[in-house]
1. Keeping to region 114-124, report how many residues are open to solvent by 30 Å² or more (accessible area, probe 1.4 Å) and either more than 22 Å from ILE7 (Cα to Cα) or part of a loop (DSSP other than H, G, I, E, B) (or both).
2. Among the residues of region 216-228, write down those that are touching a residue at least 12 places away in the same chain (Cβ under 8 Å), of a type outside the set (Asp, Glu) and open to solvent by 20 Å² or more (accessible area, probe 1.4 Å).
3. May I ask you to say which residue of VAL184, VAL204 is open to solvent by 10 Å² or more (accessible area, probe 1.4 Å), of a type in the set (Val, Ile, Thr) and assigned to a loop (DSSP other than H, G, I, E, B)?
4. Is it the case that region 43-51 has a residue that's surrounded by fewer than 23 Cβ atoms within 10 Å (Cβ to Cβ) and within 16 Å of the ligand (Cβ to nearest atom)?
5. Being open to solvent by 10 Å² or more (accessible area, probe 1.4 Å) and either touching a residue at least 24 places away in the same chain (Cβ under 8 Å) or in contact with a Lys or Arg (Cβ under 9 Å, 6 or more places away or on another chain) (or both) is the filter here; which residues of region 125-137 pass it?
6. Among the residues of region 25-34 satisfying the criterion of being surrounded by 11 or more Cβ atoms within 10 Å (Cβ to Cβ) and near the ligand (Cβ under 8 Å from one of its atoms), which is farthest from the chain's Cα centre (by Cα)?
7. Tell me which residues, restricted to region 347-377, are closer than 18 Å to SER149 by Cα and open to solvent by less than 30 Å² (accessible area, probe 1.4 Å).
Amino acid sequence: MSLSIGIHDLSIATGEFVLPHTALAAHNGTDIGKYHVGIGQESMSVTAADEDIVTLAATAAAPLIARHGTDRIRTLVLATESSIDQAKAAGIYVHSLIGLPSATRVVELKQACYGATAALQFAVGLVRRDPAQQVLVIASDVSRYDLDSPGEATQGAAAVAMLVGVDPALVRIEDPSGLYTADVMDFWRPNYRDTALVDGQESVGAYLQAVEGTWKDYTEQGGRTLEEFAAFCYHQPFTKMAYKAHRHLLNYCGRDTDPDTVTAALGETTAYNRVIGNSYTASVYLALAALLDQADDLTGKSVGFLSYGSGSVAEFFAGTVVAGYRDHLRTDAHREAITRRTEVGYDAYRALHEHRLPADGGDHATPAQTTGPYRLAGISGHKRLYATR
Ligand code: CAA
């Protein structure tokens, strides 16, 4: 009998601050309908000066360690596209902050917003090789575009930590996967830039092309039919994109795109992304968190995942929700992570956006802003210094 492997526990974290889109619209004179309806976003998480992908990742992962301990974890894979070092894996700082044993393999994965899905699939493979082991997969990103650019309204920040193992309590990950890679320049960030470059319309088209490509391969690999899925978790750079993508898939498959059908398939997946903004690698798993936390009983139901990373790589796969999953959810903590954020006005947001760690090799403390459990305390001799609050 084949092993049941998948997501045993899942926890989310986001930034200290939140900027409502009304404030951005008032600054740049945009009709708020474009944000609330046109792209489907209400607000964006903004990180404090002493937060980054490491503090977000550790904050998301710590509750998993508190509940399950560290005994079975032998691998930590952190996926990000907003990495803080060209050589050292961000996961090593996380490993230290959350107290993982030295007998752990730690590595960072990158392929734009797709990286965490690669991490999840690699984790399934490692667990299949040794079912006694668990893998800690963390998706952590701070999405940052240039001020006053079209991408600015789609920024955000979040981390999702997932414990992957046998007999998962939440979602069993199934074979096969549908895969798709195409060399396109829709979104990228050269090593010398802090903000991403994007061709917005090209990126939307490339995403839709990837939806077709992954579904075609998924079907050829013997996957489920569309009708077998209770819901679809899409990568959500902005929540309207999930609607565009699902309508595109239905059209491609010759199905009706009646709005009620589309809303029934996606409606419960967008609540967190709509108020957090684009969290790149974490986005598709924030969609899963929102679905599990909000939907009526999903026991035994199949969920479709469409993970897209610009550049581009995409994967479509299925997960089946496990009986008893509701006893293991962290719904209250997830809502608290969102509601605890402090609202900032446009000027404060702009100052945070422009904040950079000094690169002169000196000793610099960062302003104490976060009220979360971990902080980036400063930088000294080009070394980032993290602390537990
Ligand atoms: N009321 C209601 N709707 C309105 C409106 C109003 N007053 N004004 C405009 N709209 C609608 C438009 O009709 C449009 O809807 P459709 O897409 O359904 O046609 C929508 O609002 C957006 O308007 P524009 O296309 O004119 O907006 P824009 O030029 O500012 O660009 C964007 C939008 C391309 C998404 C831009 O925000 C961007 O570049 N974002 C970053 C890139 C991105 O997120 N790409 C997604 C695919 S790539 C990916 O998924 C990877 C990743 O994470 C980056």
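1. Filtering region 114-124 for residues open to solvent by 30 Å² or more (accessible area, probe 1.4 Å) gives 121-122.
Subsequent filtering for residues that are either more than 22 Å from ILE7 (Cα to Cα) or part of a loop (DSSP other than H, G, I, E, B) (or both) retains none.
Residues meeting the conditions: 0.
2. LYS216, THR219, GLN221, GLY222, GLY223, ARG224
3. Working: VAL204 fails: assigned to a loop (DSSP other than H, G, I, E, B).
From the options VAL184, VAL204, the qualifying one is VAL184.
4. For region 43-51, residues surrounded by fewer than 23 Cβ atoms within 10 Å (Cβ to Cβ) and within 16 Å of the ligand (Cβ to nearest atom): present.
5. Scanning region 125-137 gives LEU126, ARG128, ASP130, PRO131, ALA132, GLN133, GLN134.
6. THR30
7. Across region 347-377, the qualifying residues are TYR349, LEU352, HIS353.
Here's the yes/no breakdown for (1) open to solvent by 10 Å² or more (accessible area, probe 1.4 Å); (2) more than 19 Å from PRO237 (Cα to Cα):
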position	(1), (2)
ALA139	no, no
ALA157	no, no
GLY165	no, yes
PRO176	yes, yes
TYR180	yes, no
TYR192	yes, yes
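The values are calculated or read from the model by the stated rules, or taken from the named source; none is laboratory data. None of these values were measured; they are calculated from a predicted model. Methodologically, a virtual Cβ is constructed for each residue, glycine included, from the backbone with ideal geometry; neighbour enumeration extends over all protein chains shown. For the accessible areas, the whole protein counts, side chains as well, though only heavy atoms, and no ligand, DNA or RNA atoms are used. Shrake-Rupley method; radii C 1.70, N 1.55, O 1.52, S 1.80 Å.
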